[in-house]
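> Here's a structure for you.
What follows draws every value from the coordinates through simple rules; no lab data is involved. Here the structure is a predicted model, which is why all the values come from computation and not from measurement. For neighbour counting, all protein chains shown are included, and Cβ atoms are generated from backbone atoms with ideal geometry for every residue, glycine included.
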């Protein structure tokens with residue numbers, strides 16, 4: 001687990017579309033009188049919803065939002081490729097559509113500057129693909 005988190009932190013370092021790791025430590029956590037040693041990973045809170053909720057129709061998805069998410073997914077894939085890593089578990093439940101506060105809406109040429117797609121849960125990140133499918137040009 002610690003190796004996975006350290007690898008996640010390395011991949012996310014300097015990335016715009018991969019959530020980072022703020023802290024990693026061990027702690028004894030008391031669960032109703034039962035103390036269990038735990039690995040704790042502190043990540044920034046992202047205000048938003050999983051992409052899966054938009055794709056399933058539970059949340060509305062406008063054309064501008066869909067276009068921005070698609071652009072962000074391509075940029076996310078490029079971040080993995082540049083770091084020579086494969087996510088190996090990238091799906092709509094592992095992507096948060098972050099709602100950016102107004103001061104952060106300055107995303108240059110963004111189609112929809114108020115959102116950004118962010119990869120989370122890099123527990124399966126690796127240098128090689130773990131699926132049996134073809135490697136179609138990269139690391140996502």
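> Going by Cα centres, the stretch 103-118 and the stretch 1-64 are how many Å apart?
21
> Go ahead and collect, in residue order, the members of the stretch 47-91 whose backbone nitrogen is under 19 Å from a label point 7 Å along the Cα-Cβ direction of residue 102.
Zone members listed by number: 47-48.
> Sort 62-70, 21-29 for me by packing, meaning the mean count of neighbouring Cβ atoms within 10 Å per residue, highest on top.
Going by the mean number of other Cβ atoms within 10 Å, highest first, we get 62-70, 21-29.
> OK, next. With a ≥ b ≥ c the root eigenvalues of the C-alpha gyration tensor of the stretch 1-92, is it rounded (a/c under 1.5), prolate (a/b larger than b/c) or oblate?
Here the stretch 1-92 falls in the oblate category.
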